[in-house]
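In what follows, a single structure is set out as structure tokens and then discussed.
The values are calculated or read from the model by the stated rules, or taken from the named source; none is laboratory data. If you're wondering where the values come from, they're calculated on a predicted model, not measured in any experiment. No Cβ is skipped: glycine too gets one built from the backbone with ideal geometry, and neighbour counts run over all protein chains shown.
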Amino acid sequence: MGERVHRVVFEPDGRTLFVPDGQTILEAAQRAGVHLNAPCGGKGTCSGCRVIIPHDPPPPTETCLRELSGEEIRRHLRLACQVRVRGDMRVVIPEETRLGDQRILTEGVARAVPLAPNVRKVAVHLPSPSVQDQRADGERLLDGLADEGLADLRLDVKVIRELPARLRDLEFHPAAVVIGRDVVHLDRATSADACYGIAFDVGTTTLVGYLVDLTTGRQAAVASRANPQAAYGDDVIARIEFCGRQRDGARTLHGLVVGALNEIIAEVCRKAAIRPSVIYEATVVGNTTMNHLLLRLPVEGIARAPFVAASASAHEVPSKDLGLRMHPRGRVYTAPLIASFVGADTVGVILATGLHEDDRLRLAIDIGTNGEIVLGTRSRLLACSTAAGPAFEGARIRYGMRAATGAIDRVDLEGERLALHTIDDAPPVGLCGTGLIDAVAALLEAGIVSRSGLMRGGAGAAAVTEPRPSESGAVAPALAQRVVGADGETGFILAGADETQTGHPVLLTQRDVREVQLAKGAIAAGIVMMLEEFGARVQDVQEVLLAGAFGNYLRPERALAIGLLPPLPTARVRFVGNAAGAGARMLLASRGLRRVADDLSRGVEHVELSQRPEFQARFAEAMFFPVPGP
Ligand code: FES
């Protein structure tokens, strides 16, 4: 008898597929190309994969009962990774569970670099062969290019095979495409100025591609996508585990990222009205895991002590090898890494911010899915990585979501009331990273959250004994009554059920506050340890550079209020946008910078925090919130 299959319809897109009996909804969604949030990678611990099964929902599993509230169960919410398909069903994916369409930061500070790309496209007039000039076609071309100042070039045998016919077809007046020292293609001379490269920032959560005109250095177009690998876990560890669990796991993740990069290529080409075949080179920065998954290098060693990557070097591989749809003889340059958890994205941040060329002591923090921190001057640079990001990207937060429409991104305390702002001014759906930090800062200010992170309200609020800023020392009643018991824990109602898009209230729970403490504690402790290692004090730091999408939308005073940033005047905090992406663009525009990147990869000192005995103590201290200022 054949395998039983069931029809599953995913709403709102209406995507339908037939699913073998017993598969989970999450697996079915992944097969259907429906990108669901799955922060914990399907372990049933994050409740990020909530879906609604409007008709005849299967009975909740034990995990569903543990992770979802009674109200959610009654509203037919289930965890997609826990529920198995046993019959035909319609599955509604709520906004907060969908991946994609989030606010992705594409701008960044790129410092001006002289345009000297690795790709050149040069038109040459070659003399036609004659009895007096019997040079072979290959040598004729190389001589012609040497006359244009391009000496020492090489011709690949594949190019030579096509060369005689191609040269005659172009009447000995070709535009030669040279990558590094290799002549890879002959184009029409009239197309000599159609020479492009694309710089990719391959992040755990987002992918950004910048199309650059290599004849002028001008950015021609930009496009971004959510990284579809997120359907297999929101952090690199979950994805590495997936590769270990699933026989074809690494191939699946490689295919997903390449598919999304190809979509980006297609989009930038459409925007700039060019053909993908005139993109000859791609540069890539990404963390170590993203780099290895793209290059199809083994990732297992990255997540297991002693945390060893397969390679930290820069690589140059044919675009065809990776399946990127640009010129078939194009190349992909992947920037070098610093350590297993400090990747090429950090190299990009250093290049873009010029940390390696400055005498002032500066600190750069890139809060992505991990928090990467670089501290130093031109003579010494230290880097470390902290497990900080997922909470700030909305993962592991009860009503957390990415920075998409309806996400609460700002929370202000105005007297006794809270003022909320949402992305696109839509009714609230959930809470994104900046909203989360704002909410915690506002509740600290209101005395509802104590220094140790304890949430008190109602009658309990008056019992908060730790320092708080309110003049009277009491919590405003209008705020205190928003603190409720929700499924066995305390939560603060940010938006009531009648105000939201989803019909459920958006709460900040006690557990969420703990997640914020863990994330900000990790970054703050990392900064303290780096300063100690460098032998500097906080006040010696002349500038704090905040990189990454999250950093860019963060309000410095809020980050200071919760102790995410060291206590420094806000004037010393500067946003540098997507600095990693800016670094990738610089590596595309200047081949000389690739040597600098190699030097950084070897020269930046990696501080392995978890190996330091004092880290736990610093971390425990950094979990406390600062005493609010005047
Ligand atoms: Fe389902 Fe985390 S609970 S992916």
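Inside the stretch 188-213, residues that are in a strand (DSSP E or B) and either within 16 Å of the ligand (Cβ to nearest atom) or polar (S, T, N, Q) (or both) make up a count of 1.
Which residues, taken from the stretch 53-79, are touching a helix residue (DSSP H, G or I) at 6+ places or on another chain (Cβ under 6 Å) and touching a residue at least 24 places away in the same chain (Cβ under 8 Å)?
Answer for the stretch 53-79, where residues must be touching a helix residue (DSSP H, G or I) at 6+ places or on another chain (Cβ under 6 Å) and touching a residue at least 24 places away in the same chain (Cβ under 8 Å): ARG78, LEU79.
When GLY563 is tested against (1) small (Gly, Ala, Ser); (2) buried (at least 21 other Cβ atoms within 10 Å of the Cβ); (3) over 22 Å from the mean Cα position of the chain (by Cα); (4) assigned to a helix (DSSP H, G or I), just one condition goes unmet, and that condition is (4). In the stretch 276-300, which residues are assigned to a loop (DSSP other than H, G, I, E, B) and in contact (Cβ under 8 Å) with a residue 24 or more places away in the chain? Of everything in the stretch 276-300, those that are assigned to a loop (DSSP other than H, G, I, E, B) and in contact (Cβ under 8 Å) with a residue 24 or more places away in the chain turn out to be ASN287, ARG296, PRO298, VAL299. If you go through the stretch 133-148 and keep only what is among the small types (Gly, Ala, Ser) and assigned to a helix (DSSP H, G or I), you end up with GLY138, GLY144, ALA146.
Regarding GLY87, is this residue assigned to a loop (DSSP other than H, G, I, E, B) and either within 20 Å of PRO228 (Cα to Cα) or near the ligand (Cβ under 7 Å from one of its atoms) (or both)? Here the answer is no, as GLY87 does not meet what is asked. The residues of the stretch 149-176 that are closer than 23 Å to ALA194 by Cα, part of a loop (DSSP other than H, G, I, E, B) and within 42 Å of the chain's Cα centre (by Cα), listed by number, are GLY149, LEU150, ALA151, LEU153, ASP156.
A single entry from VAL576, VAL627, VAL607 fulfils the requirement of being surrounded by fewer than 18 Cβ atoms within 10 Å (Cβ to Cβ), under 30 Å from GLY400 (Cβ atoms) and of a type in the set (Val, Ile, Thr): VAL627. The set of residues from the stretch 301-345 being assigned to a strand (DSSP E or B) and among the basic types (Lys, Arg) comprises just one member, ARG331. The residues in the stretch 62-84 that are under 18 Å from GLY503 (Cβ atoms) and either outside any strand (DSSP E or B) or β-branched (Val, Ile, Thr) (or both) can be counted, and the count is 9. Restricting attention to the stretch 49-61, the residues that are within 14 Å of the ligand (Cβ to nearest atom) and part of a loop (DSSP other than H, G, I, E, B) total 3. Contact map, the stretch 82-98: residues that are more than 14 Å from GLN30 (Cβ to Cβ) paired with residues that are within 16 Å of the ligand (Cβ to nearest atom) and among the aromatic types (Phe, Trp, Tyr), Cβ distance under 8 Å, separation 6+ or inter-chain. Pairs shown: GLU96/TYR399.
Here is a check on your reading of the model: is LEU324 out of contact with any strand residue (DSSP E or B) (no Cβ under 6 Å at 6 or more places or on another chain), surrounded by 24 or more Cβ atoms within 10 Å (Cβ to Cβ), among the aliphatic types (A, V, I, L, M) and farther than 23 Å from VAL576 by Cα?
Yes; evaluated as a whole, the condition is true for this residue.
Considered as a group, the residues in the stretch 62-80 that are more than 10 Å from the ligand (Cβ to nearest atom) and small (Gly, Ala, Ser) include one that is farthest from the chain's Cα centre (by Cα), and that residue is GLY70. Examine the stretch 8-20 for a residue that is modelled with pLDDT under 85, within 10 Å of the ligand (Cβ to nearest atom) and either surrounded by 14 or more Cβ atoms within 10 Å (Cβ to Cβ) or more than 28 Å from THR509 (Cβ to Cβ) (or both), and state whether such a residue exists. No: zero hits.
Can you name every residue in the stretch 579-598 that is among the charged types (D, E, K, R), under 22 Å from LEU545 (Cα atoms) and surrounded by fewer than 21 Cβ atoms within 10 Å (Cβ to Cβ)? Across the stretch 579-598, there are no qualifying residues.
Residues that are outside any helix (DSSP H, G or I) and hydrophobic (A, V, I, L, M, F, W, C) within the stretch 214-234 comprise LEU214, ALA220, ALA221, VAL222, ALA223, ALA226, listed in sequence order. Against the list (1) more than 20 Å from the chain's Cα centre (by Cα); (2) over 20 Å from ARG514 (Cβ atoms), the condition GLY583 fails is (1).
For (1) modelled with pLDDT of 95 or more; (2) among the hydroxyl-bearing types (Ser, Thr, Tyr); (3) more than 20 Å from the chain's Cα centre (by Cα), each residue gets a yes or a no:
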{"residue": "LEU297", "(1), (2), (3)": "yes, no, no"}
{"residue": "GLU316", "(1), (2), (3)": "yes, no, yes"}
{"residue": "HIS327", "(1), (2), (3)": "yes, no, yes"}
{"residue": "THR353", "(1), (2), (3)": "no, yes, no"}
{"residue": "LEU381", "(1), (2), (3)": "yes, no, yes"}
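When the residues of the stretch 233-279 are filtered to those that are within 16 Å of the ligand (Cβ to nearest atom) and among the acidic types (Asp, Glu), the one that is surrounded by the fewest Cβ atoms within 10 Å (Cβ to Cβ) is GLU241. The residue list ALA230, ALA199, ALA238 contains one member that is modelled with pLDDT of 95 or more and closer than 22 Å to GLY548 by Cα, which is ALA199. Residues in the stretch 21-37 that are away from the ligand (no atom under 16 Å from the Cβ), touching a residue at least 24 places away in the same chain (Cβ under 8 Å) and part of a loop (DSSP other than H, G, I, E, B) were compared, and the one that is nearest to VAL236 (Cα to Cα) is GLY22.
For the residues CYS40, CYS46, the requirement of being assigned to a loop (DSSP other than H, G, I, E, B), within 14 Å of the ligand (Cβ to nearest atom) and out of contact with any helix residue (DSSP H, G or I) (no Cβ under 7 Å at 6 or more places or on another chain) singles out CYS46. Is it true that some residue in the stretch 95-102 is outside any helix (DSSP H, G or I), at pLDDT 90 or above, out of contact with any helix residue (DSSP H, G or I) (no Cβ under 9 Å at 6 or more places or on another chain) and surrounded by fewer than 18 Cβ atoms within 10 Å (Cβ to Cβ)? No.
Residues that are crowded, with 20+ Cβ neighbours inside 10 Å and either within 16 Å of the ligand (Cβ to nearest atom) or among the basic types (Lys, Arg) (or both) within the stretch 214-225 comprise just one, ARG225. Looking only at the stretch 414-424, how many residues end up being out of contact with any strand residue (DSSP E or B) (no Cβ under 8 Å at 6 or more places or on another chain) and either in contact (Cβ under 8 Å) with a residue 40 or more places away in the chain or over 26 Å from ALA230 (Cβ atoms) (or both)? Of the residues in that region, 4 qualify. Please determine, by comparing only the residues of the stretch 197-213 that are of a type in the set (Ser, Thr, Tyr) and closer than 26 Å to THR386 by Cβ, which one is surrounded by the fewest Cβ atoms within 10 Å (Cβ to Cβ). The residue in question is THR205. Just to be sure, is ARG591 closer than 20 Å to ASN291 by Cα, at pLDDT 90 or above, among the basic types (Lys, Arg) and out of contact with any Lys or Arg (no Cβ under 8 Å at 6 or more places or on another chain)? For ARG591, the condition - closer than 20 Å to ASN291 by Cα, at pLDDT 90 or above, among the basic types (Lys, Arg) and out of contact with any Lys or Arg (no Cβ under 8 Å at 6 or more places or on another chain) - is met.
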